[in-house]
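Student: Starting off with a structure, shown below.
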Amino acid sequence: VFVVQRGRLRTPRLVACPEGITRQAVLDLCQAHGIVCEECDLTQAEVYRADEAFCSGTMGELAAVTRVDGRTIGNGQPGPITARLSALFRDLPAAQVVWMSHNDSVTAPPPGARVVASSPSTPAGRSRSTSCSGPTCSNAC
């Protein structure tokens, strides 16, 4: 999860959330494009008071969060930082993508690669992000 407060993007430290490929891509995009982002402890109250929020995930890329526990986040619409990072994420160069087939054969990743999966259920030319966090993984990988 990422929240924006007074123009600053914040995300929990890795002790509070899983390390993920998409999360790291967001952090890298922030650094590359001058978007202030800090990893810190976030309280529930800080999430409720956020100006905007979004989640990063293996299948959904970046998804705006407009309500938490029935409370409206910001103005209830995806915010400008969420929109900017979503566009930057979608526009990552194809050279930064590593294709994994359904039989797990992997081509050599370029530096800073974003791993995506291709499977029989994924139409040709389309991709989905994926990562696995080990024995407790729920991604069916």
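Student: Using label points projected 7 Å from each Cα along Cα→Cβ, tell me how many nm separate THR72 and CYS17, to one decimal.
Tutor: Label-label distance for THR72 and CYS17, simple model: 2.4 nm.
Student: Moving on to the next point. Along Cα→Cβ, 7 Å out, is where each label goes; now give me the distance between the ones at CYS55 and GLN5 in nm to one decimal.
Tutor: Between CYS55 and GLN5, the label points sit 2.1 nm apart.
Student: Could I ask something else about it? Measure off 7 Å from each Cα along the Cα-to-Cβ vector at TYR48 and ALA87, then give the distance between these two points in nanometres to one decimal.
Tutor: 3.4
Student: Further question on the same structure: Under the Kirkwood approximation for Rh and a Cα-based Rg, what ratio Rg/Rh is obtained for the range 1-44?
Tutor: 0.94
Student: Where the accessible area of the range 1-93 is counted over protein heavy atoms with a 1.4 Å probe, how much of it, in %, is carbon and sulfur?
Tutor: Carbon and sulfur: 49 percent of the exposed surface of the range 1-93.
Student: How large, in Å, is the range 1-93 by the Kirkwood hydrodynamic radius built from its alpha-carbon pairs?
Tutor: 13.2
The values are calculated or read from the model by the stated rules, or taken from the named source; none is laboratory data. Given the structure is predicted, the values throughout are model-derived calculations rather than measurements. Heads up, the Cβs are rebuilt from the backbone with ideal geometry, glycines too, and the neighbour counts pull from every protein chain shown. Just the protein is used for accessible areas: all its heavy atoms, side chains included, with ligands, DNA and RNA removed. Shrake-Rupley method; radii C 1.70, N 1.55, O 1.52, S 1.80 Å.
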